[in-house]
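Take this structure, written in structure tokens, and hold onto it; I'll ask about it next.
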Amino acid sequence: MNKYLKIVLLLIAFLFLFLIRGFSKELFYDPLIVYFKNDYLYSNMPEIDSLRLIKDLCFRYFLNSIISISIIWLFFLRKDYVKFTVYFYAIAFVMLVVPFAFLLKDQFESGYVLPFYIRRFIIHPLFLLILLPAFYFQKLSNK
């Protein structure tokens, strides 16, 4: 792949991640943003359409995952890295969404810290920040 085309495509992919973050209020239903920004330790949970919230969180995770997988492909151009990333994101999805759904059904009565951080991993492409350096280190150690 042409070096300049690769750089342009990477910039576009990162731009998409920024756009998802920047327009999240308009694109996704998430009343927990306001809840966690305000005095959530002393206030009650807002009225939440749980099904809609889970659906939008899943959609946002899916968008971030597709873009993150694309970024990993563009950086390394290796199918084995992409394959591992797809499996990793799929397993992480199940391990994050299922507990979050149970905690949401419970109205966070067991605490707010765990659902807060689970939600963060779902809505932000944090795994990309972990996988990019890991694959880069793997690439360097294979030389």
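Residue-by-condition table, conditions (1) closer than 19 Å to Leu32 by Cα; (2) of a type in the set (Phe, Trp, Tyr); (3) over 12 Å from the mean Cα position of the chain (by Cα); (4) surrounded by 11 or more Cβ atoms within 10 Å (Cβ to Cβ):
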| position | (1), (2), (3), (4) |
| --- | --- |
| Phe75 | no, yes, yes, yes |
| Lys79 | no, no, yes, no |
| Lys83 | no, no, yes, yes |
| Pro99 | yes, no, yes, yes |
| Leu104 | yes, no, yes, yes |
| Leu114 | yes, no, yes, yes |
| Leu128 | no, no, no, yes |
| Tyr136 | no, yes, yes, yes |
| Ser141 | no, no, yes, no |
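Also: Inspect segment 39-53 for any residue being under 18 Å from His124 (Cβ atoms) and β-branched (Val, Ile, Thr) and give the result as yes or no. It would help to see each step written out before you state the result.
So the first thing to find is which residues in segment 39-53 are under 18 Å from His124 (Cβ atoms), and the list is 53.
The next check asks that each one be β-branched (Val, Ile, Thr); those that pass are none.
No, that holds for no residue.
With a cut-off of at least 3 residues that are surrounded by 14 or more Cβ atoms within 10 Å (Cβ to Cβ) and at positive phi, name the helices (runs of 4 or more DSSP H) lying wholly within segment 1-50. Before the answer, list the steps.
Working: elements: 3-22, 24-27, 32-37.
Where helices (runs of 4 or more DSSP H) fall fully within segment 1-50, none carries at least 3 residues being surrounded by 14 or more Cβ atoms within 10 Å (Cβ to Cβ) and at positive phi.
Restricting to segment 96-128, and then to whatever is of a type in the set (Phe, Trp, Tyr) and not in a helix (DSSP H, G or I), can you tell me which residue is nearest to Ser68 (Cα to Cα)?
Step one: list which residues in segment 96-128 are of a type in the set (Phe, Trp, Tyr), which gives 100, 102, 108, 112, 116-117, 121, 127.
Filter once more, keeping what is not in a helix (DSSP H, G or I): 108, 112.
On the way: Phe108: 30, Tyr112: 28 Å.
Among residues in segment 96-128 that are of a type in the set (Phe, Trp, Tyr) and not in a helix (DSSP H, G or I), the one nearest to Ser68 (Cα to Cα) is Tyr112.
FYI, it's all coordinate maths here, none of it is from the lab. None of the values given here were measured: they were computed from a predicted structure. Methodologically, a virtual Cβ is constructed for each residue, glycine included, from the backbone with ideal geometry; neighbour enumeration extends over all protein chains shown.
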